[in-house]
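What follows is one structure encoded as structure tokens, with my remarks underneath.
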Amino acid sequence: GAVVSQHPSRVICKSGTSVKIECRSLDFQATTMFWYRQFPKQSLMLMATSNEGSKATYEQGVEKDKFLINHASLTLSTLTVTSAHPEDSSFYICSALRPGPSSTDTQYFGPGTRLTVL
Amino acid sequence: GDSVTQMEGPVTLSEEAFLTINCTYTATGYPSLFWYVQYPGEGLQLLLKATKADDKGSNKGFEATYRKETTSFHLEKGSVQVSDSAVYFCALEGGGSNYKLTFGKGTLLTVNP
């Protein structure tokens, strides 16, 4: 199956600093990637849709200046949490959309990044 | 808006027991329905899907049938194995072509030998 990686898997940072999370599709090209956030015992919440070569589309309530998304190539999207605060601590998961025939495009998920802001 | 409700866990079963994880949804239009599985330390993997009413998705012994009349997509397996221990997520993709997924909260399944 298709492989999507995330780096780092865990990160701890001080309040006020910025953290960058990478999402890579390792064996296919993805024009569209998604960023999700998961709170403990909660479902995954879509934060934004990342489109290669254009601006990301953010879901309602997600601060675009807080969560910067860059999809600079067909295999890499990055999420930067700027001026992080403890309430940004969460599990961040990305997915990459792999094109398929006859409307069978499928999202493949990364393993997630655990962010802890002290 | 769209929403997915799945039974809360955790669910603990003995090997070879029958599994049902309930999932119901609310959506406008005609969504596609999915079950994803997350094994410990790994990303979500697509387990099965159904794109229209009465379709049955199946994979690795798991099945789920898209029931429009009851807005449900319950996951079943006749005989679970220890290796099936994981978190299971029900999800829907709303009508249209934006590929946005709405997830349930996930159900932790533990299968004991």
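Values quoted throughout were computed directly from the atomic coordinates according to the rules given, and no laboratory measurement underlies them. Just so it is clear, the structure is predicted and the values come from calculations on it, not from any experiment. Methodologically, a virtual Cβ is constructed for each residue, glycine included, from the backbone with ideal geometry; neighbour enumeration extends over all protein chains shown.
The table below lists the values:
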read-out: Exposure proxy ranking, count of Cβ atoms within 10 Å, fewest first, for B:SER14, A:SER95; value: B:SER14, A:SER95
read-out: Inverse of mean 1/r across different Cα pairs in region B:24-111, Kirkwood, Å; value: 13.3 Å
read-out: Contour excess over end-to-end distance, with Cα ends at B:LEU108 and B:LEU13 and 0.36 nm allotted per residue; value: 33.1 nm
read-out: Estimated dipole of chain A in Debye, rounded to 20 [Cβ of Lys and Arg +1, of Asp and Glu -1, Cα centre]; value: 260 debye
read-out: Within region B:33-113, GluC sites (Glu not before Pro) in DSSP loop having at most 14 other beta-carbon neighbours inside 10 Å; value: B:GLU42, B:GLU69
read-out: Cα centre as origin, Lys/Arg/Asp/Glu Cβ charges: chain B dipole, Debye; value: 280 debye
read-out: Longest to shortest principal axis, alpha-carbon extents of region B:71-113, angstrom; value: 43, 16, 14
read-out: Label-point separation in nm, A:ASN70 to A:ARG10, each point 7 Å along Cα→Cβ; value: 2.7 nm
read-out: Residue pairs, from the table A:LYS41/B:LYS52; A:LYS20/A:LYS64; A:LYS20/A:LYS41, whose Cα atoms sit over 21 Å apart; value: A:LYS41/B:LYS52; A:LYS20/A:LYS41
read-out: Where trypsin sites (Lys or Arg not before Pro) fall in DSSP loop in region B:1-83, at most 15 other Cβ within 10 Å; value: B:LYS52, B:LYS60, B:LYS68
